[in-house]
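A short write-up of the structure that comes next.
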Amino acid sequence: MQLDIAIIGGGPAGWTCALQLARTGLHIGVIDSLDWHRHKVGESVPSALQRLLCNISIPLLESPAHMPILGTESYWAGEHLIEDCMVQAGGAGWRLDRVVFEKMLMAQALEAGAIHFDALLHRAHRGSDIWQLSLDNGEQVFADFAIDCSGRTNILARRVGAKRVKAPPLVAIWSLLPGEPQAQRASSSHTYIESQDSGWWYAAKLPDGRWLAIFHTSAVRVRDFRMAPELWQRQLASTQLISQHLPEKAPQCAELSVSDARTSYLEVPSGESWAACGDAAISFDPISSQGIYNAVATANMLSKVLCEGSRGEAFERYQHNLAEIRRVYIGRRQAFYLSAFRVHRSQFWLTQNFDPTTY
């Protein structure tokens, strides 16, 4: 199969790229093995996503599958704060049903003419003027250009020797907790954040009524939780704020999942006939709630670059814009983490308060 552009990985970044590029008449293929049964964390998005989707002619978040976030309540560094969405720029954000959202993006891309290869990339080779991509189902795909949308794993970028810069380890260990009966599901539309000595919690009710509780901590603490899940449950119960909002009948021994949550980015996010966007280019600490927005926004930026006649200057602008996004984000993250360190004074917060100029 010969393509103009092959996209490695679907998700919000991959399918947004595919949609935007397919609309221009380019022959686009997305290589992604779908698994709609695996829960993906990172469902909170700012109101700015609604405006971005409107600008690139993608259906707005009006499906009953998604729900507005009416505010944030936090107990951070010993200070209790409540922020209503009415005082936030742009108004309420959204809590997404990730499966519904990504299926919508995929359907839009396929309707625009993109092709889906339900497989994983097995091998990638760049010849004199074309990519040869071997898939794990035996198919061969050839493309003039390749986009890495494979997230933090950088399946394509690693094959061309691109370096990924990583901040100190931050691990998210999380569980889905049963919610209340259907009649009570609209009772909580806030996001809850709380810092503790060994990390910080995020909790929110999902659109399907279940609760998601995530603890962001060190790899050592995660190892302890995985050996004894009841320790995670006890630490959740010890929270000053979040424990007051969770369902009363939470499981005694939660089923825990683990995700990498640290800041990382590609030192150079594009090169000869390839580029990266979304988490593959830069991944944010979950404290920012910018992961999905970043995926769609950087995919939109990269799509515009690939449609320009003079790509050299356009790619320089793309790299500059990503660097500026990183600079602003790191500054804001540092402010949050430094305030927690000043109160908790623990090894975890000391480790997380890295100097942004050193990485």
Next item on the list: Only Lys, Arg, Asp and Glu count, each charged at its Cβ (+1, +1, -1, -1), so figure out the dipole size of the chain about its Cα centre, rounded to 20 debye.
Entry: 660 debye
Next item on the list: Output the pairs from LYS163/LYS304; LYS40/LYS205; LYS103/LYS205 with a Cα-Cα distance over 23 Å in this structure; if there are none, say none.
Entry: LYS163/LYS304
Item checked: Compactness of the chain, expressed as Rg and Dmax over alpha-carbon positions, Å -> 20.8, 62
Margin query: Accessible area of the chain with a 1.4 Å probe: how many percent of it is carbon plus sulfur?
Written below: 52 percent
Checklist line | Mean Cβ neighbour count within 10 Å, used as a protection proxy, ranking 327-336, 299-308 highest first | finding: 299-308, 327-336
Check: Normalised by the number of residues in the range 277-359, what is the relative contact order in percent for Cα pairs under 8 Å and 6+ residues apart?
Finding: 23 percent
Check: Residues of the range 119-210: accessible area per residue at 1.4 Å, in Å²?
Finding: 43 Å²
Item checked: Virtual spin-label span in nm between ASP224 and LEU120, 7 Å along Cα→Cβ -> 3.3 nm
Checklist line | Percent of C-alpha pairs per 5 Å bin, the range 204-250, short to long | finding: 5, 19, 28, 23, 17, 8, 1
Notebook entry, point to check: Can you give the extra length, in nm with one decimal, that the chain gains between LYS103 and GLU83 once fully stretched, where that is 0.36 nm per residue apart less the Cα-Cα distance?
Noted result: 4.0 nm
Next item on the list: Find the eigenvalues of the gyration tensor of the Cα atoms of the range 130-240, then list the square roots of 5 times those eigenvalues as equivalent ellipsoid semi-axes, largest first, in whole angstrom.
Entry: 38, 21, 13
Next item on the list: Starting from the Cα of SER339, step 7 Å along the direction of its Cβ; do the same at SER257; then give the gap between the two resulting points in nm.
Entry: 3.0 nm
Note to self: Could you compute Rg(Cα) / (2.2 N^0.38 Å) for the range 5-66, with N its residue count?
What the structure shows: 1.26
Next item on the list: List the equivalent ellipsoid semi-axes of the range 1-137 in whole Å, largest first, each obtained as the square root of 5λ for an eigenvalue λ of the Cα gyration tensor.
Entry: 36, 17, 13
Notebook entry, point to check: Want the number for ASN137 to GLU272: 0.36 nm per residue separation, take away the alpha-carbon distance, what's left?
Noted result: 45.9 nm
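The values are calculated or read from the model by the stated rules, or taken from the named source; none is laboratory data. Computed from a predicted structure; not experimentally measured. A quick note on method: Cβ atoms are made from the backbone with ideal geometry, for glycine too, and the neighbour counts reach across all protein chains shown. Just the protein is used for accessible areas: all its heavy atoms, side chains included, with ligands, DNA and RNA removed. Shrake-Rupley method; radii C 1.70, N 1.55, O 1.52, S 1.80 Å.
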